Structures are given as C-alpha cells and as structure tokens.
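The values are calculated or read from the model by the stated rules, or taken from the named source; none is laboratory data. Computed from a predicted model, the values in this text were never measured in an experiment. Cβ atoms come from the backbone with ideal geometry, glycine included; neighbour counts cover every protein chain shown.
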Amino acid sequence: MSNDSPTGPSHSAPVLPRRDFLKVAGAGAGLLMLGGTAALAESPAVPGLRPKRRIPFISSSPDIIVIGAGAWGGWTAYHLRQMGAKVTVVDAYGPGNAHSTSGDESRGVRSSYGDRDPDKQELWMLWAREAMKRWRAFDDEWGRDMRLNLFHTTGDLMFRQDWEPYLINTKKWWDKHNIPYQVLHPADVAKEFPVIGMGDINVVMYEPDAGVVRARRGCQAVSAAFERLGGHVIIGRVQLPLKNSNGKLREITLDTGQTLRADTFVIAPGPWLGKTFPEIFENKMRTPLGYVCYFGTPMNDERFTYPNIPSFNFPGVTGWAALPVDSRGFRVRGGERAPGARPGQGQAAAQGKGPRANGGAAPGNRPPQPPTPPAQLDPDTSDRWANEQQIEGPRRFVAHRFPLLANAPILQTHSCHYEISASRNFIVTWHPRISNLLIAGGGNAEGFKFGPVMGEYIAQRAMGDEGDPAFAKGFGIPEHDFQPGSNGFGGGGGQRDTTRRGRG
C-alpha cells in the first residue's frame, strides 16, 4: 500500500529521504522544520486570544479567588497576576497532587487533532501549537531560576495501517497553516528505529515540534512562579454547596474554618466538576479512570530514552521515551486486546475506554458490564492501584511494537480521572445563577497540554473580556446529556468516539 496521501502527495509534504530523516528523528528531534517554512516561534495568530494586557477596573485592582491549582487553575492564576489582579488560589490537596488529573509524571503535547469533531479540529490544532511555544517560553523565563526543564522536544511519530480520517484531517489543517510536518517512508523509519515493530504499518506522519511536558512538576512550577509574582496559595477544601446572595458569590468557607472574600471567583476543579455542581453537570460530565505504565529500559541501552526516540502514536496507544534525569521509565498509555478477545474485554474495558478504543464493536453491541462502584468515580475515594488486568494490554503492546521491552519490568503505574464533557469540548462559562463565578473544566483528556493558552483565555474572561461570542458559546455548558450507560470515553451524548488516537 502506498504511503502517499489519498488526495495526492502534497508539495509541502514530500516523503522524506532517509538521509534527511536522520537529521530530524535522531538525537535532538525537532531541530529541522519540515513540511512548511514557519518555525514554531512564528506560529499563526491564535484565534480567540487577545494580546495580554492589564484590563482597567474602577477599583485599583480586582480581588479574584481561583479554586483549583491544577493545570488550568494554576495557569489562570499566573496570567491573572500578570494582568494586575490580586489573586488567591485554593486547592484541597495542593498543586500536582496524586488525586488530580495533572498529577502524573508527564504529558504529551502535539497538534494532531484530526480525530476531533470537525468544528474543533482547527482551533485545537492552533491552540496546541501556541501551547508548545508558551511551554518553551516558560522554561526560558523561569527554568534557570528554578533549575527545571518542563518541555522536552521529542517529535511525534504517528503510525497507521492506512490513511484514515484522523491523518487526512490533521494533514489538511497542517497544510492550510503551513505547519511543519512530514510523511515518511515506513522502511526508513524502521531502519532508523529498529526497536519499533512496524510490519503492518503503511503510513507514518511526523510532527517535529511535538514534545513531552513534566506534568506534576509543571503544576508545581507554575504555582511557584505565581507566588513569585505576588500570588497566594492556600491548602483547604471549599465547603459545598456554594452560597450566593442575590445571584453573587460573596465568600467561600474552607474546611479549616477560614473564610475568603473576593469580587470574582474562578473554579477549575478538574474531575471534581460534576461533584461540585451536580445540578448542572450530573449527566453532562463523566470521570473515567485511565492507567499508564512506566517500563524499565534495558541497562546500557539508550535507544528508549530521550532524545533518542520520538514520542509515538499508534491506534489507541500513545507513549514516549524515559526522560532524564530521574528516568521514571518508558511510558505507555493504552494497550492491545488479547488475540480473539471479544470487544469490551481486556485492556480497553479495564481502562474504562469502551470497546471501540481498539477497533471493537459499536457501543450498542457491547456485552453487559457490571456497573462501576460509585467510589471509583469519585476522585477523592477512587482506588488508583493497577491490577493485572489493567497492565496486560500495555504489556501486549510493548511486546508487539517494542519487542525488546517484552520482559521489561514495570517500574510504576499511574492512574487519574479524566473529566469528559458531553460536548467533547472545553467548558469556560459563567455559572447560570451566580454572576461572578466562572466555571472552567472539561479537559477531555487533553486539558493539561493546553494549560498556558487556556489559562490566559480563562483569565481574560475573569477580567471582564468576553472575547469572541462564538468561542464563549462553544465553551458553554453542553446542550446534550450523555446517553445512559456511557462512561465518557465512548460515543455517549450523540457524540462520536475519539479514542482511536490514544491519550497522552
């Protein structure tokens, strides 16, 4: 099967000769910009975002409380301080805690969103490109002082058997905006990276600018930068329900007994969104658990460590190399079913991803599954331990695609709740009955990557700049509920399944 695009090979994306690919995909991946002339620092204008500025208020400076110190809450507070607001952040457990969605070791950042609903693909691609630039800018501004490096440019290889819609749509948007990428010969990829099993792969696309961000460390670093800018972080749980007076929230009370007052409140609670506002999101939000495995790399073999191999994207699976200097392991998210297993069995079911995640049957054909205990849907009470059923899929995957790791030890596992909205879109909207409470959530398993951009957009909204009405409407409370029985990763609520791509 040809690896040319079904629409014909693009002049901006010729198949790259192996001698040039070696410059791109070896050590220092991402240094050569391909498929276009625009460098990352020259990304196109980002729709929906205005140049950052201090927005004038009648009073000298607004008081704003941000509830939640995760990826969105932390970045929102950081941008609000730069806009001149007095800001206090409140979190029940603290930045990067183990209960949170953003508390894992790392998260991938890429702009290949051709699997999203058509009205989201272009926006998500552009915002992801801007997020890459801003992660690097944060490292440049704060990295030396804090002795950290959050963003690692790995490049991302996308492997498929044929030109499926995900690749075709991604390529379309990259071509439109002159985004660097390349279509590669599978044989050349196999020669450069013999550790990858590619026998059935006929199409490979490569995004050189993609990378991996330190997640838990990133939340803590952004929080530290926010405090350096004069912000305050308080550890405490907000007492619910929130009590408003004449349609406005005047204060919140913490479980410590402390009362905090502000002009404006922003709540970015991650997987606690449905629990915080059950009257609004009970049937519009799902919080399935996802699992990640970190495999030990062979001694004296650097082929599985950064920067010697790009991040990768197979159907239903994403992952990347072990990162220095702590080398937590070779990361795999997702897995493969056992040969002959029925749809709904094995790894897809164990991760709560639904039977279509790895090419199985449609939701209406799935076998009956026992209901998930309520405690496992609650980020405060869920047991995050990965059992044998939950790691067998990743083991089958590495045995197939990275056979040298077939017997590698699992150094650690991590699980977190993903807050999936019925609209499959982000949510940034004012509370329907509390006029000074801005709700931000629905990361849909991608929210962390967009943190630097979403944080600025949320901050602009909190400071009174509503921006483009079309964006505000698109980020509103979902109009439809999930279908009964949907766990969020499938096609509930009349939305299409998007799990083939895997999740970072």
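Looking at Ala77, Ala137, Ala85, Ala131, can you tell me which residue is small (Gly, Ala, Ser) and under 30 Å from Gln412 (Cα atoms)? Steps first, please.
On the way: Ala77 fails: under 30 Å from Gln412 (Cα atoms); Ala137 fails: under 30 Å from Gln412 (Cα atoms); Ala85 fails: under 30 Å from Gln412 (Cα atoms).
Answer to the selection: Ala131.
Table: residues versus (1) within 22 Å of the chain's Cα centre (by Cα); (2) over 17 Å from Gly329 (Cα atoms); (3) exposed (fewer than 13 other Cβ atoms within 10 Å of the Cβ).
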site	(1), (2), (3)
Pro371	no, yes, yes
Pro374	no, yes, yes
Asp380	yes, yes, yes
Pro394	yes, no, no
Arg401	no, no, no
Ala406	no, no, yes
Pro409	no, no, yes
Gln412	yes, no, no
Ser415	yes, no, no
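Look at segment 50-74: where a residue is part of a loop (DSSP other than H, G, I, E, B) and a partner is among the basic types (Lys, Arg) and modelled with pLDDT of 95 or more, sitting 6+ places away or on another chain with Cβ atoms under 6 Å, you get Ser61/Lys86.
Among the residues in segment 337-355, are any among the hydrophobic types (A, V, I, L, M, F, W, C), under 30 Å from Ser327 (Cα atoms) and either modelled with pLDDT of 90 or more or more than 24 Å from the chain's Cα centre (by Cα) (or both)?
The initial filter retains those residues of segment 337-355 that are among the hydrophobic types (A, V, I, L, M, F, W, C), namely 338, 341, 348-350.
Then keep just the ones that are under 30 Å from Ser327 (Cα atoms); that gives 338, 348-350.
Next cut, either modelled with pLDDT of 90 or more or more than 24 Å from the chain's Cα centre (by Cα) (or both) only: 338.
Yes, some residue in segment 337-355 is among the hydrophobic types (A, V, I, L, M, F, W, C), under 30 Å from Ser327 (Cα atoms) and either modelled with pLDDT of 90 or more or more than 24 Å from the chain's Cα centre (by Cα) (or both).
Each residue in segment 236-273 was checked for being without any contact (Cβ under 8 Å) to a residue 60 or more places away in the chain, over 28 Å from Pro288 (Cβ atoms) and in a loop (DSSP other than H, G, I, E, B), and 6 pass.
Which is crowded, with 20+ Cβ neighbours inside 10 Å and in a strand (DSSP E or B), of Val204, Val222, Val233? Talk me through it step by step, then tell me what you get.
Details: Val222 fails: in a strand (DSSP E or B); Val233 fails: crowded, with 20+ Cβ neighbours inside 10 Å.
Within the list Val204, Val222, Val233, the selection yields Val204.
Select from segment 213-228 the residues that are closer than 16 Å to Asn97 by Cα and either of a type in the set (A, V, I, L, M, F, W, C) or without any contact (Cβ under 8 Å) to a residue 12 or more places away in the chain (or both) and list them in ascending order. Hits for segment 213-228 are Ala215, Cys219, Ala221, Val222, Ala224. Here Lys191 meets each of (1) over 21 Å from Asn308 (Cβ atoms); (2) surrounded by fewer than 19 Cβ atoms within 10 Å (Cβ to Cβ); (3) out of contact with any strand residue (DSSP E or B) (no Cβ under 6 Å at 6 or more places or on another chain) with one exception, condition (1).
Pairs meeting the criteria (first residue in segment 118-139 and closer than 14 Å to Val213 by Cβ and at pLDDT 95 or above, second residue buried (at least 19 other Cβ atoms within 10 Å of the Cβ) and basic (Lys, Arg), beta carbons under 8 Å, at least 6 apart or on different chains) are Ala128/Arg110; Ala128/Lys449; Ala131/Lys449. Residue count for segment 278-313 under the criterion of being surrounded by fewer than 24 Cβ atoms within 10 Å (Cβ to Cβ) and under 17 Å from Pro478 (Cβ atoms): the result is 8.
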